[in-house]
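K.L.:
So that we are looking at the same thing, I have put the structure below in structure tokens.
None of the figures in this text is laboratory data; all of them are computed from the coordinates on show. Everything numeric here is computed off the predicted structure, so don't read it as measured data. FYI the Cβ positions are ideal-geometry reconstructions off the backbone, even for glycines, and counts take in every protein chain you see.
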Amino acid sequence: MLPLALWWPDTALESAILVLSLFVVLIAELLNTGIEAAVNRHGDERHHWSGVAKDVASAAVLLALLQCLLVWSLVLFF
């Protein structure tokens, strides 16, 4: 998608917005991975707050993907 973000838009600002929206998704994925690794490292026993931390990190990735979809739709089709 990165080559498309650089080729398709009409202006440099649109390209920058598309690229930044992709980086938001990557940052959210990295934070999610870090949280899951820390929770898994802590122990094998099941704890309520460990599940909540993982769920919230996954929700952050979902929101990042939704904002990326929205930004790409607005820039490319409107």
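K.L.:
List, in order, the whole-Hz ³J(HN,Hα) value for each residue of the stretch 71-78 obtained from phi through the Karplus relation with A = 6.51, B = -1.76, C = 1.60 and θ = phi - 60°; use x for Gly and Pro.
P.N.:
Running phi through 6.51 cos²θ - 1.76 cosθ + 1.60 with θ = phi - 60° gives 4, 4, 4, 5, 6, 7, 10, 10 Hz.
K.L.:
A further question on this structure: State the extension gain, in nm to one decimal, for the chain segment bounded by W7 and S58, taking 0.36 nm per residue of separation less the distance between their alpha-carbons.
P.N.:
Full extension from W7 to S58 adds 15.3 nm.
K.L.:
Once the piece of chain linking A38 and V24 is laid out straight, how much longer is it, given 0.36 nm per residue of separation minus the C-alpha distance between them?
P.N.:
On the way: separation 14, 0.36 × 14 = 5.04 nm, distance 2.12 nm.
Roughly 2.9 nm would be gained on extension.
K.L.:
Turning to a different aspect of this structure: F78 to L31: FRET efficiency via 1/(1 + (r/R0)^6), r the Cβ-Cβ distance, R0 30 Å, to the nearest 0.05?
P.N.:
The computed FRET efficiency comes out at 0.50.
K.L.:
Let me ask something else. Let's see if you can work this out: charge +1 on each Lys and Arg Cβ, -1 on each Asp and Glu Cβ, no other charges. What is the dipole magnitude of the stretch 2-77 about its Cα centre, in debye to the nearest 20?
P.N.:
100
K.L.:
Sticking with the crude label model, points 7 Å out along Cα→Cβ, report the distance from L65 to W49 in nm, one decimal please.
P.N.:
Label at L65, label at W49, 2.9 nm between them.
K.L.:
In cubic angstrom, how much convex hull volume per residue do the alpha carbon atoms of the chain span?
P.N.:
Spelled out: Cα convex hull of the chain, divided by residues, is 77 Å³.
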